[in-house]
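Colleague: Handing you this structure, nothing more for now.
The values are calculated or read from the model by the stated rules, or taken from the named source; none is laboratory data. All of these numbers come straight from a predicted model, not from anything done at the bench. Ideal geometry is used to build each Cβ from the backbone, glycine not excepted, and the neighbour counts take in all protein chains shown.
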There are 2 protein chains.
Amino acid sequence: MATGRTHRPATRSRGIPEATVARLPLYLRALTALSERSVPTVSSEELAAAAGVNSAKLRKDFSYLGSYGTRGVGYDVEYLVYQISRELGLTQDWPVVIVGIGNLGAALANYGGFASRGFRVAALIDADPEMAGKQVAGITVQHSDDLEKIISDNGVSIGVITTPPGVAQQVCERLVAAGVTSILNFAPTVLSVPDGVDVRKVDLSIELQILAFHEQRKAGEEAESQAGAVAAAHQDDDEKGPDGDVPAVMPA
Amino acid sequence: MATGRTHRPATRSRGIPEATVARLPLYLRALTALSERSVPTVSSEELAAAAGVNSAKLRKDFSYLGSYGTRGVGYDVEYLVYQISRELGLTQDWPVVIVGIGNLGAALANYGGFASRGFRVAALIDADPEMAGKQVAGITVQHSDDLEKIISDNGVSIGVITTPPGVAQQVCERLVAAGVTSILNFAPTVLSVPDGVDVRKVDLSIELQILAFHEQRKAGEEAESQAGAVAAAHQDDDEKGPDGDVPAVMPA
DNA sequence: CCATCTTTGTGCACGCGTTCACAAAGACAT
DNA sequence: ATGTCTTTGTGAACGCGTGCACAAAGATGG
């Protein structure tokens, strides 16, 4: 769902399905909240509700990690927090670089959720000489000329790209050449990467467009059921779109 | 994938699979780039390469929209841009509100990708009285007391939540009560919404954790193949994790 | 008008993910 | 101990998504 180009053959890494991996952080967050409230154990039903998933799915997910529950009781919160953290690799330190310190890059640098669990902003990099030397989120921005050195000196394997789309691909290539093997891409571009490099993308514009699609559909259905037999002429699934010609309802 | 809690029964809205809908924006972006270069037609193979997907998948995706291609030639770029835009509902104007004008909210407000296609930032809302009245991205921030009025006056149906996690749920509820039916959530929280409301979430922390998982796996495999027969003792899939045992805490 | 060549549109098979439903396992009381 | 009750762990069925492979369709040239 996130890799740029690679046909990931459903990488069931060590037997853990990708879909399960994507949910583990969700469980971890819910468990951490319980842990802070000193709740000792939790049932699959309760935890599933907190994470917003089906309880059977949650149990199956956990079964891939091992048998960490106790029948008749539930799961030990602390123990599960540890197991999931370890499984996700959060027991170690992950230095991360952010490339492209514009509005978004700066916002991410300031984002608290970073340091919280295993991740540490090792460096901020920008191509603008004006930016170099400035402090953002208490970290000095460095010039992209030194990108390779920064990566190797800090042992960085995860890079975050928040550059304009035009330069994202070349930044990506430099990151990969320097040793980065995981990339989180915020630029609205499809990144091509060699095998062995993971890319996940976050794209505001795509998310909005998906929402708009469903929104339009809702409006269309609503109009359809309200209109009743009025639009009996252009019926069936042949109609080209819910909005027809006149938006009829909604925004001014 | 994105909905907070609702079991969306694979909402194949009007016969278009959800997975296809999620790729349409990708195609649209690639097509727009071609259009700007005045490319008249494009084959499924070329477009698929540009969008980073399989060409068969692309053709099947388009087949859900209709038969818009010409065999032996390909697809008419302009026509396809229009068809996909219409399908996604981008031919109409979507006023959007952003709630929570911190670093991230401000960054999104400044983000150019917003206005580009159908979306318009109708209002910025924040709970801090200090923020109200200030200009962000050329828009005056309004206080959250007026949230309901802002939503209804502007006919807003899409809301973006960039508040701290603690207040995200209640902001969400106010948005929904005021008439918002699509929510893009950047707060690290599971949102509960009534049926009929779509929620998509963007979560930096989760994305990083997924990357960390794969990163750890890569490192493990590497070490494994390098170490060779060294770790012959605790082998097989029975091993509890890369960092051995020391469970630290066991369930009481 | 026919042959050839390109490219679409899709039938089909396969695999992943989800969910149901239930047997097995353990806690707890008597 | 034994029975009851709760909750896990999982076998099995089903549906969605993906990709192969090919026939149909149309363009193009002779």
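Colleague: For A:Ser63, indicate whether it is more than 16 Å from DNA strand D (Cβ to nearest atom), more than 9 Å from every other protein chain (Cβ to nearest Cβ) and polar (S, T, N, Q).
Modeller: So A:Ser63 does not fit the description; no.
Colleague: Of (1) over 25 Å from the mean Cα position of the chain (by Cα); (2) within 10 Å of DNA strand D (Cβ to nearest atom), B:Pro40 satisfies all except one. Which?
Modeller: Condition (2) is where B:Pro40 drops out.
Colleague: I've got another one for you. Scan the stretch B:169-184 for residues that are without any contact (Cβ under 8 Å) to a residue 60 or more places away in the chain and within 20 Å of B:Ala107 (Cα to Cα) and jot them down.
Modeller: B:Ile183, B:Leu184
Colleague: Only one of (1) within 14 Å of chain B (Cβ to nearest Cβ); (2) at negative phi is not met by A:Asp153, so which one is it?
Modeller: Only one criterion in (1) within 14 Å of chain B (Cβ to nearest Cβ); (2) at negative phi is unmet by A:Asp153, namely (1).
Colleague: In the stretch A:194-214, how many residues are within 10 Å of another protein chain (Cβ to nearest Cβ) and either in a strand (DSSP E or B) or more than 18 Å from the chain's Cα centre (by Cα) (or both)?
Modeller: Of the residues in the stretch A:194-214, 8 are within 10 Å of another protein chain (Cβ to nearest Cβ) and either in a strand (DSSP E or B) or more than 18 Å from the chain's Cα centre (by Cα) (or both).
Colleague: Report, by residue number, each residue of the stretch B:49-63 that is of a type in the set (A, V, I, L, M, F, W, C) and more than 12 Å from A:Ser192 (Cβ to Cβ).
Modeller: Taking the stretch B:49-63 first, the residues of a type in the set (A, V, I, L, M, F, W, C) are B:49-51, B:53, B:56, B:58, B:62.
Once the filter is applied, which keeps residues that are of a type in the set (A, V, I, L, M, F, W, C) and more than 12 Å from A:Ser192 (Cβ to Cβ), the stretch B:49-63 yields B:Val53, B:Ala56, B:Leu58, B:Phe62.
Colleague: Would you say B:Thr189 is touching an Asp or Glu at 6+ places or on another chain (Cβ under 8 Å), at the interface with chain A (Cβ under 9 Å from one of its Cβ atoms) and buried (at least 19 other Cβ atoms within 10 Å of the Cβ)?
Modeller: No: the conditions fail for B:Thr189.
Colleague: Next question, about the same structure. Checking the conditions here, which among B:Glu87, B:Glu45 is free of Cβ contacts under 8 Å to residues at least 40 places away in the same chain, of a type in the set (D, E, K, R) and within 16 Å of DNA strand C (Cβ to nearest atom)? If you could, list the steps in order and put the result at the bottom.
Modeller: Values: B:Glu87 fails: free of Cβ contacts under 8 Å to residues at least 40 places away in the same chain.
B:Glu45 is the lone residue from the list that is free of Cβ contacts under 8 Å to residues at least 40 places away in the same chain, of a type in the set (D, E, K, R) and within 16 Å of DNA strand C (Cβ to nearest atom).
Colleague: Answer yes if at least one residue in the stretch B:144-159 is free of Cβ contacts under 8 Å to residues at least 24 places away in the same chain, within 21 Å of the chain's Cα centre (by Cα) and surrounded by fewer than 21 Cβ atoms within 10 Å (Cβ to Cβ), and no otherwise.
Modeller: So far as the stretch B:144-159 goes, no, none of its residues is free of Cβ contacts under 8 Å to residues at least 24 places away in the same chain, within 21 Å of the chain's Cα centre (by Cα) and surrounded by fewer than 21 Cβ atoms within 10 Å (Cβ to Cβ).
Colleague: How many residues, within the stretch A:55-65, are in contact with a helix residue (DSSP H, G or I) (Cβ under 6 Å, 6 or more places away or on another chain) and either among the polar types (S, T, N, Q) or under 18 Å from B:Ile206 (Cα atoms) (or both)?
Modeller: 3
Colleague: Still on this structure, please answer the following. Please give the number of the condition B:Tyr64 fails out of (1) farther than 22 Å from B:Thr91 by Cα; (2) modelled with pLDDT of 95 or more; (3) not basic (Lys, Arg).
Modeller: B:Tyr64 satisfies all of (1) farther than 22 Å from B:Thr91 by Cα; (2) modelled with pLDDT of 95 or more; (3) not basic (Lys, Arg) except (1).
Colleague: Follow-up question, since we're still on this one. Condition check: in contact with a Lys or Arg (Cβ under 8 Å, 6 or more places away or on another chain) and within 14 Å of another protein chain (Cβ to nearest Cβ). Does A:Phe114 satisfy that?
Modeller: Taking the combined requirement at face value, the residue satisfies it.
Colleague: Going by what's in this entry, would B:Val77 be described as within 11 Å of chain A (Cβ to nearest Cβ) and either modelled with pLDDT of 95 or more or exposed (fewer than 15 other Cβ atoms within 10 Å of the Cβ) (or both)?
Modeller: No; evaluated as a whole, the condition is false for this residue.
Colleague: Considering only residues that are at the interface with chain A (Cβ under 9 Å from one of its Cβ atoms) and on the phi > 0 side of the Ramachandran plot, which ones fall in the stretch B:86-111?
Modeller: Residue satisfying the conditions is B:Gly89 alone.
Colleague: Do you know which residues across the stretch A:45-88 are within 27 Å of B:Ala219 (Cβ to Cβ), in contact with a strand residue (DSSP E or B) (Cβ under 9 Å, 6 or more places away or on another chain) and acidic (Asp, Glu)?
Modeller: Listed by number, the residues that qualify are A:Asp61, A:Glu87.
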